[in-house]
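The values are calculated or read from the model by the stated rules, or taken from the named source; none is laboratory data. Small disclaimer: the values here were computed from a predicted structure and weren't measured. Glycine also receives a Cβ, built like all others from the backbone with ideal geometry; neighbour counts cover every protein chain displayed. For accessibility, only protein heavy atoms count, side chains too; no ligands or nucleic acids. Shrake-Rupley method; radii C 1.70, N 1.55, O 1.52, S 1.80 Å.
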Amino acid sequence: MKVDRRKFLQISSATAAVAAVAPGTTLVSNLAHAKGKMKSVAQGEWISTVCQGCTTWCPVQAYVVEGRVTKVRGNPHSKANHGQICPRPHLAIQQMYDPDRVKTPMKRTNPKKGREEDPKFVPITWEEAIDTIADKMLELRQNSESEKFVLLRGRYSYMRDLLYGAVPKIFGSPNGISHSAICAEAEKFGSFYTEGYWGYNDFDLEHTKYVICWGADPVASNRQVPHAMSIWGHVVDNATLVTVDPRLSATAAKGKKWLPVIPGEDGALALAMAHVILTEGLWSKEFVGDFKDGQNHFAMKHEIDESMFNEVESHGVVKWWNLEVMKRTPEWAAPICGIPAEQIREVAMGFAKAAPYAISWVSPGASMQVRGGYSSMAAHALNGLVGSIDHKGGVVQGGKPPVSKTPSFKPYQDDVAKKHSKAKKIDQRGFKDFPAMKKKPGKGVVTNNTADAILQGKPYDVKVIIGYWNNFNFSCAGADRWDRALTKVPFFAHITTNIAEMTHFADIVLPAAFSMFEKNAYIKGKQNLHSYAGLQQRVVKPLWDVKMDESEVSFMLAQSLAKKGFKNLLEYYQAEFKDPETGKVPETSLEFTESALKFYTKPLWDGTKGAAKGDHIHGWNEFKRLGVWNTKRYKYKKHWGGKFKTKTKKFEFYSETLKKNLKAHAEKHHTNVDDIMKTCKYTGQGEYAFIPHHEPAYRWGDPGKYPLIFNEHRSRLNREGRSQNVPWYYELKDVDPGDVINADVAKINPITASKYGLENGDKIRITSPTGHLECTVKVWEGVRPGTVIKCYGQGHWNYGRIASADFAKKVPKGGSNNHLLPCDYDRFSGSTARHGGLTRVNIQKV
Amino acid sequence: MKKKYGMVIDLRKCVGCGGCDLACKTENNTADGISWGSHYTETTGVFPEVQYEHIPTLCNHCEDPPCVRVCPTQSMYVDEDGFVLHSAESCIGCQSCVLADPYGVIHYNSRKPTAKWESTKELVAGCTSSGREIQRLTKQELPHVNPDRGKTYQAVRDKGIVEKCTFCDHKTKQGQQPHCVTSCPAGARVFGDLNDSNSEASRLLQKYKSRVLKPHKGTRPKVHYIRNYGDNA
């Protein structure tokens, strides 16, 4: 056959146009290797599951051949990502087949803890591991201190309540502590204290004509990534794309204008845009309303009598103008945010003229900053000003898949549980300096403060921790505090796929099933104006005896506790999570997983609520095959007409909702709002506390000693912090603009480079007031002079042979930004600050 | 008319994600460090007026392919559909093609592509796995090997020979699209017969001005690029 092929080649190259074939014939019939000539190979099938590599949580499918995953694609049944995926799911294959996976439960045999200490892990059985945890927990109950048990949750599925909810509550602790405040709570703060929505918005990219991305990098990360990627060509063709980011992001590279804002000054820029929109008379008359006399009195740039304005869907626009926007001219903002006044004016006018088909897209970049809650409000308020909120081509909320609610824990709480689960939570939420106002004061989590609370022993000492799918010793700013905190805690059990930094401090390690291919669970998400519930499935039999964190480990723990006399948790699981079709009581961890999953998702496939609100799925087996249930498309203007969930039911430029909560928090601490503002590092006083207003960027470090501003960003290859033991991550790292393959680089502008005498490839040490790291220099025009910009993700000293430079000696590969970043907060949302130039730094060649 | 299969890449749609490169790796079982589908990036301008481009690359399946011309064993050849293909069986690994290829898309396997999976080293003895154990448990030298690749080529190529993009002949010759095309989330890639004026690829080339890489090399590439990557040039 080969010889024939060559002969054909010789003939065809000698005579250019031989072998004419009729035009229009199909590819199949005319190509040289007819099907029959191909070797026959094992066939596989596409099985639906969900990727949790970022927070989009896409319905995907895995191609499974002879029990192995060979490739991935988007789930074609998903209306949200319509069968598309970003690069992350591909990396998941190497993540599952990672030779450094933990394959068995282990226990620590070196009682000394610390980064320098080898834990001397040895393999043990599942039974020994779970029994050890149960014993440690029961000791707390015996000593009447069950609140000293803490469940630290990282990433999760919506099976989370089985572990994060039920275990502490029924056992007798208030401490289900989530990771949420290291994620993006400050972003939610902006939409909640304007439009009353504590959640991530969705965006009508199909119909939009103008997009301002505030640190948002949707073609690379967070959020709705595959949908954004698939429609971005259309967006660039039909809309003006402006990106506000100190770094030329992947999205900025595609856009019309890049506004390289001085880190942390997004708020000033947004306020100046609001000023232009009002003075130019470009606000939405339909949404905001108008002056009674039809004149634009904002144009006169003086204080206005509120009674002159008829407000429609919003509240407090004139108050906001009088207090703040009036003085925030582009000329005022230009030197603060580093964007020329003319450019501010041009973008603001372009945005408002395109409105209501306009999107002001707030992201963690512009909000996860000290004082970032107000920037988030300011940038989000632009959507209110131009009436793009809940409008076609604008910014919308999302739908909720009608799943079953987690059954109440209360009937299963004994007196100990009732009493101790009401203790103060360990993270100090609600303390005077941690208002953490998720909807109400003291209701949000302050994840990163848990380390300090443990170290302070305040409100009490922590004695037993179970952590799952988290790695706070790597992912939290001020990471070293977590090393000290976990060294102090007498007993820590970690459920994990790899020996992460956090695992290094564990007494017991439980090998977790890898979420995307080895776990049964469900998730919720939204993209493309469709919300959805996706089914995560064990598409292949795991190679090792790993267990699903939220369902299996919980059930095994409940069985062990019951064996030792505490039956309530097992009773809850068995009584409340019977198989909804057969009524069978779950007896094993796998049965429990399936029955709980069916229990939660039943309304989506039993022809009831799900069929009414979206896809009509006929039964459990069809749901498993499809892998996703989609809502109907979002209907615009759902919240217009006084249906926003704010105090006034309107879109609040003057936030009565925030006022109410701040006053309540101040009263609780017998003080006033001004004092709370100061305590929490905000500069605004009086009425300013209740409006989006300018707060100067807060930075650690003396400019004399630390002349450069450090800023970080995300990678389109980051599966959060978990893809760094994957070789493909390094092979493709240059898909992040400015980054370099097989390196961890700090990007500096050529002006900065020449000042410091640095060249591409030089090794440097970056030092902040609280830490340092070493990495490589990349000289690049895509960053603002005077800044040092570095991607988050590398710098692991644990996790595996590829992630770390020397696993045995705990030498990091590259440098982790969280060893450089001080621990600080946007205290009103409880968020850990990481963006906005949180710290100044110095750099030295090493 | 003779077929002339080629690809059109719409850079306006491309978002530079590297999904094509990764999808290619999973489809074609390339070793770490070898990418049939790849890319280069370019930053031009001076802050704050900066332009950035991401250009996906793959074998150009040239009409006048220098790699075919120099191959002493005729292992590189053009098939009747215009695909530039490689015979793993007769390749002697002389790398003349690698030298002749102006695009850097032919790769030489200096090591056994699955060598790293043969390691028996465990990070923590008895607690973590190893490459060799995963090989044993999956019964494969490459745990995630895609057997489809083996329909027309060695599923995983041997040490000491070269390898390159085949336009996913194992798929395209069965009427499917190349895997990089179906995997591109942005719909930036179109594969088709450039001699068929009705094919989508031809229509794009009629509609937009196109360019090829290194036209001065005279290779007549069949991978064409249309439109600009950025909107701010």
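How about region B:134-154: which of its residues are touching a residue at least 60 places away in the same chain (Cβ under 8 Å), within 8 Å of another protein chain (Cβ to nearest Cβ) and not in a loop (DSSP other than H, G, I, E, B)?
B:ASP148
Which of the residues spanning region A:198-218 are over 15 Å from the mean Cα position of the chain (by Cα), part of a loop (DSSP other than H, G, I, E, B) and not hydroxyl-bearing (Ser, Thr, Tyr)? Outline the logic, then answer.
As a first pass, look at region A:198-218 and keep what is over 15 Å from the mean Cα position of the chain (by Cα): A:203-214.
Those still in the list that are part of a loop (DSSP other than H, G, I, E, B) too: A:204-209.
If the condition is that a residue be over 15 Å from the mean Cα position of the chain (by Cα), part of a loop (DSSP other than H, G, I, E, B) and not hydroxyl-bearing (Ser, Thr, Tyr), then A:ASP204, A:LEU205, A:GLU206, A:HIS207, A:LYS209 are the ones that fit.
Which numbered condition trips up A:ALA808, out of (1) open to solvent by 30 Å² or more (accessible area, probe 1.4 Å); (2) away from chain B (no Cβ under 13 Å); (3) small (Gly, Ala, Ser)?
(2)
For region A:35-77, please list each of the strands (runs of 3 or more DSSP E) lying entirely inside it that holds at least 3 residues being more than 12 Å from chain B (Cβ to nearest Cβ) and crowded, with 19+ Cβ neighbours inside 10 Å. So that I can check it myself, show each step before the final result.
Numbers: elements: A:45-50, A:59-65, A:68-74.
Answer list for region A:35-77: A:45-50.
Somewhere in region B:206-221, is a residue in contact (Cβ under 8 Å) with a residue 12 or more places away in the chain, under 19 Å from B:VAL78 (Cα atoms) and either among the charged types (D, E, K, R) or in a helix (DSSP H, G or I) (or both)?
Yes, there is a match, as at least one residue in region B:206-221 is in contact (Cβ under 8 Å) with a residue 12 or more places away in the chain, under 19 Å from B:VAL78 (Cα atoms) and either among the charged types (D, E, K, R) or in a helix (DSSP H, G or I) (or both).
Can you tell me how many residues within region A:347-364 are over 16 Å from A:HIS380 (Cα atoms) and either in contact with a Lys or Arg (Cβ under 8 Å, 6 or more places away or on another chain) or buried (at least 24 other Cβ atoms within 10 Å of the Cβ) (or both)? Spell out the reasoning first.
Here is the first cut: in region A:347-364, the residues over 16 Å from A:HIS380 (Cα atoms) are A:349-350, A:353-354.
This time we only want the ones that are either in contact with a Lys or Arg (Cβ under 8 Å, 6 or more places away or on another chain) or buried (at least 24 other Cβ atoms within 10 Å of the Cβ) (or both), so: A:354.
Result for region A:347-364: 1.
Among A:LYS438, A:LYS425, which is within 20 Å of A:PHE653 (Cα to Cα), assigned to a loop (DSSP other than H, G, I, E, B) and not aromatic (Phe, Trp, Tyr)?
Details: A:LYS425 fails: within 20 Å of A:PHE653 (Cα to Cα).
The unique qualifying residue is A:LYS438.
Which residues, taken from region A:700-721, are over 29 Å from A:TYR799 (Cβ atoms), in contact (Cβ under 8 Å) with a residue 24 or more places away in the chain and open to solvent by 50 Å² or more (accessible area, probe 1.4 Å)?
Selection gives A:ASP702, A:PRO703, A:LYS705, A:PRO707.
Looking at A:TYR468, A:TYR460 in this structure, which one is within 23 Å of A:GLY830 (Cβ to Cβ), within 19 Å of the chain's Cα centre (by Cα) and surrounded by fewer than 24 Cβ atoms within 10 Å (Cβ to Cβ)?
Values: A:TYR460 fails: within 19 Å of the chain's Cα centre (by Cα).
Checking each option against the conditions leaves just A:TYR468.
Take the residues of region B:120-133 that are more than 7 Å from chain A (Cβ to nearest Cβ) and not in a helix (DSSP H, G or I): which is least open to solvent (accessible area, probe 1.4 Å)?
Step one: filter region B:120-133 for residues more than 7 Å from chain A (Cβ to nearest Cβ), giving B:120-122, B:125, B:132-133.
Narrowing the set further to residues that are not in a helix (DSSP H, G or I) leaves B:120-122, B:125.
Values: B:THR120: 98, B:LYS121: 117, B:GLU122: 61, B:ALA125: 77 Å².
That would be B:GLU122.
Assess whether B:LYS159 counts as being more than 10 Å from every other protein chain (Cβ to nearest Cβ) and open to solvent by 10 Å² or more (accessible area, probe 1.4 Å). Can you show your working first?
On the way: more than 10 Å from every other protein chain (Cβ to nearest Cβ): yes; open to solvent by 10 Å² or more (accessible area, probe 1.4 Å): yes.
Yes, satisfied.
Return the only residue of A:ASP237, A:ASP266, A:ASP293, A:ASP202 being acidic (Asp, Glu) and within 14 Å of chain B (Cβ to nearest Cβ). If you could, list the steps in order and put the result at the bottom.
Working: A:ASP266 fails: within 14 Å of chain B (Cβ to nearest Cβ); A:ASP293 fails: within 14 Å of chain B (Cβ to nearest Cβ); A:ASP202 fails: within 14 Å of chain B (Cβ to nearest Cβ).
A:ASP237 is the lone residue from the list that is acidic (Asp, Glu) and within 14 Å of chain B (Cβ to nearest Cβ).
Any chance you could count how many residues in region A:718-740 are within 21 Å of A:ALA252 (Cβ to Cβ) and touching a helix residue (DSSP H, G or I) at 6+ places or on another chain (Cβ under 7 Å)? So that I can check it myself, show each step before the final result.
Step one: filter region A:718-740 for residues within 21 Å of A:ALA252 (Cβ to Cβ), giving A:718, A:732-740.
Right, trim to touching a helix residue (DSSP H, G or I) at 6+ places or on another chain (Cβ under 7 Å) and you get A:732, A:737, A:739-740.
The qualifying residues number 4.
Kindly indicate the residue of region B:76-106 that is buried (at least 22 other Cβ atoms within 10 Å of the Cβ) and in a strand (DSSP E or B) and also nearest to the other protein chains (Cβ to nearest Cβ) among those meeting that condition.
B:TYR77
B:GLY16 - would you say it is under 19 Å from A:ASP739 (Cα atoms), within 13 Å of chain A (Cβ to nearest Cβ) and at pLDDT below 95? Quick ask: steps written out before the conclusion?
Values: under 19 Å from A:ASP739 (Cα atoms): yes; within 13 Å of chain A (Cβ to nearest Cβ): yes; at pLDDT below 95: no.
When the stated conditions are applied, B:GLY16 does not pass them.
Considering only residues that are open to solvent by 20 Å² or more (accessible area, probe 1.4 Å) and out of contact with any strand residue (DSSP E or B) (no Cβ under 9 Å at 6 or more places or on another chain), look in region A:534-569 and name the one that is nearest to A:THR104 (Cα to Cα).
A:LEU543
For B:THR73, only one of the following conditions fails: (1) more than 10 Å from chain A (Cβ to nearest Cβ); (2) not in a strand (DSSP E or B). What is its number?
(1)
Among the residues in region A:483-499, are any of a type in the set (Gly, Ala, Ser) and crowded, with 20+ Cβ neighbours inside 10 Å? Please lay out each step first, then the result.
Within region A:483-499, the first condition is being of a type in the set (Gly, Ala, Ser), and the residues that meet it are A:485, A:493.
From what is left, the residues that are crowded, with 20+ Cβ neighbours inside 10 Å are A:485, A:493.
Yes, there is a match, as at least one residue in region A:483-499 is of a type in the set (Gly, Ala, Ser) and crowded, with 20+ Cβ neighbours inside 10 Å.
Select, from A:ILE764, A:ILE751, the only residue that is surrounded by fewer than 24 Cβ atoms within 10 Å (Cβ to Cβ) and outside any strand (DSSP E or B). Reasoning before the result, please.
Working: A:ILE764 fails: outside any strand (DSSP E or B).
Within the list A:ILE764, A:ILE751, the selection yields A:ILE751.
For region A:204-214, name all the residues that are under 26 Å from B:CYS184 (Cβ atoms), open to solvent by 10 Å² or more (accessible area, probe 1.4 Å) and touching a strand residue (DSSP E or B) at 6+ places or on another chain (Cβ under 8 Å). Don't jump to the end; show me each part of the working.
Here is the first cut: in region A:204-214, the residues under 26 Å from B:CYS184 (Cβ atoms) are A:204-209, A:211, A:213.
The next check asks that each one be open to solvent by 10 Å² or more (accessible area, probe 1.4 Å); those that pass are A:206-207, A:209.
Scanning region A:204-214 gives a single hit, A:LYS209.
If a residue has to be of a type outside the set (D, E, K, R) and open to solvent by 10 Å² or more (accessible area, probe 1.4 Å) to count, how many in region A:147-164 make the cut? First the steps, then the outcome.
Going residue by residue through region A:147-164, those that are of a type outside the set (D, E, K, R) are A:149-152, A:154, A:156-159, A:162-164.
With the extra rule that they be open to solvent by 10 Å² or more (accessible area, probe 1.4 Å), the set shrinks to A:156, A:158, A:164.
Selection size over region A:147-164: 3.
Scan (1) open to solvent by 40 Å² or more (accessible area, probe 1.4 Å); (2) more than 18 Å from B:HIS86 (Cα to Cα) for the single condition B:TYR225 breaks and write down its number.
(1)
Which condition number in (1) at the interface with chain B (Cβ under 10 Å from one of its Cβ atoms); (2) at pLDDT 95 or above; (3) out of contact with any Pro (no Cβ under 7 Å at 6 or more places or on another chain); (4) surrounded by 16 or more Cβ atoms within 10 Å (Cβ to Cβ) is the one that A:LEU31 fails?
Checking A:LEU31 against (1) at the interface with chain B (Cβ under 10 Å from one of its Cβ atoms); (2) at pLDDT 95 or above; (3) out of contact with any Pro (no Cβ under 7 Å at 6 or more places or on another chain); (4) surrounded by 16 or more Cβ atoms within 10 Å (Cβ to Cβ), the one that fails is (2).
I'm checking my understanding of the structure. Among residues of region A:254-263 that are in a loop (DSSP other than H, G, I, E, B) and within 24 Å of the chain's Cα centre (by Cα), which one is farthest from the other protein chains (Cβ to nearest Cβ)?
Taking region A:254-263 as the starting set, the residues that turn out to be in a loop (DSSP other than H, G, I, E, B) are A:255-256, A:260-263.
Pick out the ones that are also within 24 Å of the chain's Cα centre (by Cα) and you get A:255, A:260-263.
Numbers: A:GLY255: 6, A:PRO260: 5, A:VAL261: 10, A:ILE262: 12, A:PRO263: 14 Å.
Top of the filtered list is A:PRO263.
Considering only region A:826-844, state which residues are open to solvent by less than 10 Å² (accessible area, probe 1.4 Å) and not hydrophobic (A, V, I, L, M, F, W, C).
Within region A:826-844, A:ASP826, A:SER829, A:GLY830, A:SER831, A:THR832, A:GLY836, A:GLY837, A:THR839 qualify.
What number of residues in region A:180-197 are modelled with pLDDT of 95 or more and either open to solvent by 10 Å² or more (accessible area, probe 1.4 Å) or outside any helix (DSSP H, G or I) (or both)?
Of the residues in that region, 5 qualify.
Please go through (1) open to solvent by 10 Å² or more (accessible area, probe 1.4 Å); (2) at the interface with chain A (Cβ under 7 Å from one of its Cβ atoms); (3) in contact with a strand residue (DSSP E or B) (Cβ under 7 Å, 6 or more places away or on another chain) for B:MET1 and return the number of the only condition it doesn't satisfy.
The number of the failed condition is (3).
Within region A:550-561, identify whether any single residue is over 25 Å from A:GLY607 (Cα atoms) and within 14 Å of chain B (Cβ to nearest Cβ), and answer yes or no.
Of region A:550-561, the ones over 25 Å from A:GLY607 (Cα atoms) are A:550-561.
From the residues that got through so far, the ones that are within 14 Å of chain B (Cβ to nearest Cβ) too are none.
Scanning region A:550-561 turns up no residue that is over 25 Å from A:GLY607 (Cα atoms) and within 14 Å of chain B (Cβ to nearest Cβ).
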